[in-house]
Amino acid sequence: MPPAQPGQRLPISPKADCRIAMQGPEAPRIAIAAISHAGGQDGRALAFDRTDPQHWNMDSMAELDGDFEIVAYVMDDRHGGFANAAYPIHMEVDGTTHVMPAPSEQLAAVILAEVYTRNGERRMKLSNEGFTFGIDAYVRSRNLGAVTVPFRNAPDIPPPGNGPIPHPDGRSHNRPKPAPGQLIGSGSGVLIAPDLIITNAHVVEDGQRFEIDPARDKAVVLAVDVQHDLALLRCQTAGTPLPLRIGSPLFLGEDIMAAGFPLIDVLGADLKVTTGNVSGLTGGGGDVSRFQFSAPIGSGSSGGAIIDEFGNLVGITSASLAHDNMRHRGSISENVNFGIRAALVYEMAAAAGADVPPLAIATDNLRRNVVGRLRGGVVSIIIHA
């Protein structure tokens, strides 16, 4: 059975039935709905019938007038996860089965098909596009703020197969209280002195036991600054501290790199590095302790390094506006991320009585060498209850 081709347009009957089978391991976390194109008060969503955790059907798509889209989406994305893990997906319409190819990007909401009328004929366009930030981002993009999404955050939805993944803003989103010792998430940290790691306060706030990969070295919390979202950990671990750039200011448009360990259960446990620039010199509401940057980050990036072109630490990754802050405001934002200035890292360590010997500022900007130093200075943090 050949795979469906995105963009392919097919004639369908006016009362076409549609049956969808998801064969991937994360199928029980995915819902299917037909959602009207019309925005505002005219938009509406009609859930497919769920026959079992992997099969959904609609006996007659005539129930929705006008144009609409068939969307597969993570029902509860507070724990992370993507619709990709539900593939392969087979969609049967009017007795013909279409094998939907998995998206090339990680998407938490995928438009499987668009249904519309052209010259009096009902038609369906196969699609393969979607939204990394899930059904909420889809709703915002279609101006469907008044629409209630079926099955959203239902209480019986299982977490991802490898356990919950925190959002970059680190908030628990009212997750059920974990059992003692249970893995509850992961984050990133930066060596700023021998055996001294800086990360976010929200990374460690729910944890009781912390392991620094790859050797699973045990770490203890020395100090927490909730106001500035910083935490200091002590750990006897291998690695080379990164030099802090605190003597020269950031400038708007400056090239930076973000390094951390996002989405470990999806992307693997090796270091990820993205590039961008300083896109704003203050955080939300004009907060001068933070700055904005555009390098992409993901769940688990929190506490990671933000470096200049030479590999000097200029900030610590803290949050991403797109993941949470704009979720209920009907706005769309992409790669609006926030970092905590390195000067606050130094001040916190000093206030905690930790010895941070001055390191010579790096001046070698050969990208291969810069990334090599990052591998020794940025660590993943595994958090247990």
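Applying the selection to region 361-385, what residues are surrounded by 15 or more Cβ atoms within 10 Å (Cβ to Cβ) and either of a type in the set (Asp, Glu) or more than 19 Å from Ala219 (Cβ to Cβ) (or both)?
Hits for region 361-385 are Ile361, Ala362, Val370, Val371, Arg373, Leu374.
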**Residue ID - surrounded by the fewest Cβ atoms within 10 Å (Cβ to Cβ), chosen from residues in region 206-260 that are over 19 Å from Leu313 (Cβ atoms) and within 23 Å of the chain's Cα centre (by Cα)** = Val226
**Request:** List every residue pair whose Cβ atoms sit under 9 Å apart, with the two residues 6 or more apart in sequence or on different chains, where the first one lies in region 334-359 and is in contact (Cβ under 8 Å) with a residue 12 or more places away in the chain and the second, anywhere, is aromatic (Phe, Trp, Tyr) and open to solvent by 60 Å² or more (accessible area, probe 1.4 Å).
**Result:** Val356/Tyr346
**Request:** Scan Asp265, Asp270 and give me the residue that is of a type in the set (D, E, K, R), open to solvent by 10 Å² or more (accessible area, probe 1.4 Å) and modelled with pLDDT of 85 or more.
**Result:** Asp270
**Complete:** Within region 13-27, the count of residues that are surrounded by 15 or more Cβ atoms within 10 Å (Cβ to Cβ) and in contact with a helix residue (DSSP H, G or I) (Cβ under 8 Å, 6 or more places away or on another chain) comes to 7
**Asked** In this structure, does Phe82 turn out to be at pLDDT 90 or above and of a type in the set (Phe, Trp, Tyr)?
**Response** no
**Fill in**
Among the residues of region 121-153, the number that are in a strand (DSSP E or B) and either open to solvent by 60 Å² or more (accessible area, probe 1.4 Å) or modelled with pLDDT under 85 (or both) is 4
**Asked** Residues in region 285-294 that are surrounded by fewer than 24 Cβ atoms within 10 Å (Cβ to Cβ) and among the hydrophobic types (A, V, I, L, M, F, W, C): how many?
**Response** 1
**Item:** Residues of region 343-377 satisfying the condition of being farther than 15 Å from Leu191 by Cα and among the acidic types (Asp, Glu)
**Value:** Glu347, Asp364
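The values are calculated or read from the model by the stated rules, or taken from the named source; none is laboratory data. Just so it is clear, the structure is predicted and the values come from calculations on it, not from any experiment. With ideal geometry, Cβ positions are generated from the backbone for all residues, glycine too; neighbour counts draw on all protein chains shown. Accessible surface areas use protein heavy atoms only, side chains included; no ligands, DNA or RNA. Shrake-Rupley method; radii C 1.70, N 1.55, O 1.52, S 1.80 Å.
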